[in-house]
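Single-structure report; data block below.
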Amino acid sequence: RERIILSILAFILILFVAIEHYCILILEMYFNESETIQRNFGLDSKFLKDECVKKMMANQGLYNSFLASGLIWSLTETGEFQIQIAVFFLICIICAAVYGSVTVSKKIFLLQGLPALMAIIAVLLPLIVS
């Protein structure tokens, strides 16, 4: 059976989304009191110093690492399930971005959901048009 290879654009977009989520992991797990976190989540520094909040932020970061790792897996997969793996993890990110945009900030969809949506289009469009 002929292997379907991701386009260069799809590969780059998936890699971008994965790197973005590894950066989110680093922010949420290791720099969870930073001004970037304060600004992006609209939280004050006193709240972010609370140990329970730090644990919740680290947990969020861990989930982001799973999403990013799944995308990297899709880029290194050489079998017939490469496209399905990429699509699954991109859909997970889009769903999380939609939820985050409804519950926290519309900016979440623009920063996380839109790149994932662009990547999924780049993955699926060649399959649809052929």
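Counting only helices (runs of 4 or more DSSP H) that sit wholly inside the stretch 1-109, those with at least 3 residues that are open to solvent by 90 Å² or more (accessible area, probe 1.4 Å) are 8-30, 45-49, 51-76, 82-103. Against the definition (in contact with a helix residue (DSSP H, G or I) (Cβ under 8 Å, 6 or more places away or on another chain) and either at negative phi or among the polar types (S, T, N, Q) (or both)), how does Glu77 come out, yes or no? Taking the combined requirement at face value, the residue satisfies it. Selection of the stretch 110-130 for residues being open to solvent by less than 80 Å² (accessible area, probe 1.4 Å) and more than 14 Å from Asn40 (Cβ to Cβ) yields Gly113, Leu114, Pro115, Ala116, Leu117, Ala119, Ile120, Ala122, Val123, Leu124, Pro126, Leu127.
Checking Ser7, Ser34 one by one, the residue that is without any contact (Cβ under 8 Å) to a residue 12 or more places away in the chain and over 19 Å from the mean Cα position of the chain (by Cα) is Ser34 and no other. Close Cβ contacts (under 7 Å, 6 or more residues apart or on different chains) running from residues in the stretch 48-59 that are under 20 Å from Cys23 (Cα atoms) to residues that are open to solvent by 30 Å² or more (accessible area, probe 1.4 Å) and not in a helix (DSSP H, G or I) comprise Leu48/Glu33.
The values are calculated or read from the model by the stated rules, or taken from the named source; none is laboratory data. Bear in mind the structure is a predicted one, so any value in this text is a computation, not a measurement. Because the Cβ atoms are built from the backbone with ideal geometry, glycine has one as well, and the counts that use them run over all protein chains shown. SASA here: full protein model, heavy atoms, side chains in, ligands and nucleic acids out. Shrake-Rupley method; radii C 1.70, N 1.55, O 1.52, S 1.80 Å.
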